[in-house]
Amino acid sequence: MNTTITRFLAAGVLLLAMSNSFADGAAPEPAAAPDKLDGVRAQIAAKNWSAAIQELKRIDDTGSADWNNLMGYTLRKGPKPDLAGAEKFYNEALRIDPAHRGALEYSGELYLMTGNLAKAEQRLATLDKVCTFGCEEYSDLKKAIAHYKATGKVSSW
């Protein structure tokens, strides 16, 4: 029995070595091209809201759902939140891409900030349909709504 196991393991090692040698001859995967919004995302991560807005204005890609979502997020999260402006950009992102998970989550959070629980729950229901097997955006908005229902306050995370 030990010789059978030894042969089986040896065959497995041989197959693994062969597959690795074939993989070595393959062309390397090309690096992903940098996204034009990467600089904006870096400014947002650093909470440098005015620089993020300036970069978004410089790029000026109003036909992009991602661009509109990031503009809405930046306006909502800045030191002087512009909730009406943020809502306008989230709605435009969702007009372009009705299944944009970021815009659905963030607009749901915006609706909690304005006390519109029903609209936030509508966004959560849409995320539930969009995220067939669950997604971070759905989980985050669900937690924010639960926190809002329990405390009457918007969570700060």
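The values are calculated or read from the model by the stated rules, or taken from the named source; none is laboratory data. Everything numeric in this text was worked out from a predicted model, so none of it was measured. Here the Cβ is made from the backbone with ideal geometry for all residues, glycine too, and neighbour counts use every protein chain on show. The area values use the complete protein model at the heavy-atom level, side chains included, leaving out ligands, DNA and RNA. Shrake-Rupley method; radii C 1.70, N 1.55, O 1.52, S 1.80 Å.
Remarks
- Among the residues of the range 96-110, those that are of a type in the set (A, V, I, L, M) and closer than 12 Å to Trp67 by Cα comprise Ile96, Ala103.
- Residue that is surrounded by fewer than 19 Cβ atoms within 10 Å (Cβ to Cβ), closer than 21 Å to Lys143 by Cα and in contact (Cβ under 8 Å) with a residue 24 or more places away in the chain, where the choices are Leu117, Leu104: Leu117
- Meets criteria (outside any loop (DSSP other than H, G, I, E, B) and either surrounded by 21 or more Cβ atoms within 10 Å (Cβ to Cβ) or of a type in the set (A, V, I, L, M) (or both)) for Ala99: no
- Of the listed requirements (1) within 22 Å of Gly63 (Cα to Cα); (2) part of a loop (DSSP other than H, G, I, E, B), Gly108 misses just one: (2).
- Test for Phe133: is it among the aromatic types (Phe, Trp, Tyr) and not in a helix (DSSP H, G or I): yes
- Filter result for Arg123 (in a helix (DSSP H, G or I) and open to solvent by 50 Å² or more (accessible area, probe 1.4 Å)): no
- Test for Glu109: is it of a type in the set (Asp, Glu) and without any contact (Cβ under 8 Å) to a residue 40 or more places away in the chain: no
- Taking first residues from the range 79-94 that are assigned to a loop (DSSP other than H, G, I, E, B) and partners that are of a type in the set (D, E, K, R), the Cβ contacts under 9 Å between residues at least 6 apart in sequence or on separate chains come to Asp82/Arg76.
- Condition met for Ala46 (open to solvent by 60 Å² or more (accessible area, probe 1.4 Å) and either at pLDDT 95 or above or of a type in the set (Asp, Glu) (or both)): yes
- Residues considered: Leu56, Leu70. Of these, the only one that is under 17 Å from the mean Cα position of the chain (by Cα), open to solvent by less than 30 Å² (accessible area, probe 1.4 Å) and of a type in the set (A, V, I, L, M, F, W, C) is Leu70.
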